[in-house]
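Heads up: the structure comes next, in structure tokens.
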Amino acid sequence: MTTSSNSPAAAGPRLLLLSSGVREHDWACERLGDDAWLITCSGEESLLADALADMKLRWGVPDRVVPLDGRSIPLAALLRVSLGLPAVQADTVLSRDLRQTHQRAVAAGLRTVQLLDRAELEDWDFRTAVFAKPVQRGAAPARRLTSSYDLTDLDPDVDMLFEEWVVAPVCHVEGIAVDGRIAAARLFYYVGPGAGRVTVTNKVALDRLTEAAGDVVAGLDLPDGAFHIELFDLPTNPMLLDVVVPLAPVEERSLNKNCVASRAPQRVRATVAPGALRFTAA
């Protein structure tokens, strides 16, 4: 059920959306309407049990449990077992390795950026800039290279990928994948560092970019949950720049947050004491 940022979602599976509160996810619940219930929780099991009981009483039992950030992934796995829902296949989850993600995109037949070998850059005239990214996300800053001198500034101990820079607007697609399709999404044009972003409002562009994002979700078999896709908005056929999905943290850190059962227009709030993420079926 692919939807644009201003189109209502068609009826589909009932989704329990889980958020740790690191980012605001009310937009997703509002976009999905009666098909979704959002619980934001990062702590105490009694509060979570109360939120689940309230959900069952006022809304019912979900067909899917969908984590919206990395900290919610362990809880989603526990809830799926408790509710008798299918588990997410681990082999469908993207890794932090950009090269592997690019290889999967190429194998899926997606139109994506072309990677350059470092040896090819020795003869590159740099009339077209090159973008350098670490293979392991976060290992080093991404850099836009405009001359051969910029190559000497790169850390020789960090494995880098090099992309030919494409001159086109960059669209960021934030959404939720369910069963390999887009359940809800909102689209923005990236303006630049520190300049923010602007909502995509042109209907033709919305349809074109949403369809391209849907191809990425299906082609890469993204797991149920949040995703972030970046596309070059080329008029003939958008090109995939990058795709990111939340990954479960290596070490779960406790937070002092609220537990919020959200179902517009009603909310239930309770203070959560710091503590490890844990869950006992209600």
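Overview of values
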{"quantity": "FRET efficiency estimate (nearest 0.05) - Cβ-Cβ, D97 to E30, R0 41 angstrom", "calculated": "0.75"}
{"quantity": "Protection-proxy order for peptides 118-124, 161-167, 69-75, each taking the mean of Cβ atoms within 10 Å per residue, highest first", "calculated": "69-75, 161-167, 118-124"}
{"quantity": "Volume per residue that the Cα convex hull of the range 114-165 spans, once the total is divided by residue count, Å³", "calculated": "72 Å³"}
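Read-outs throughout are calculated quantities, based only on the coordinates presented, and are distinct from any laboratory measurement. As the structure is a prediction and not an experimental result, all values here were calculated from the model. Don't worry about glycine lacking a Cβ; one is built from the backbone with ideal geometry, like all the others, and counts go over all protein chains shown.
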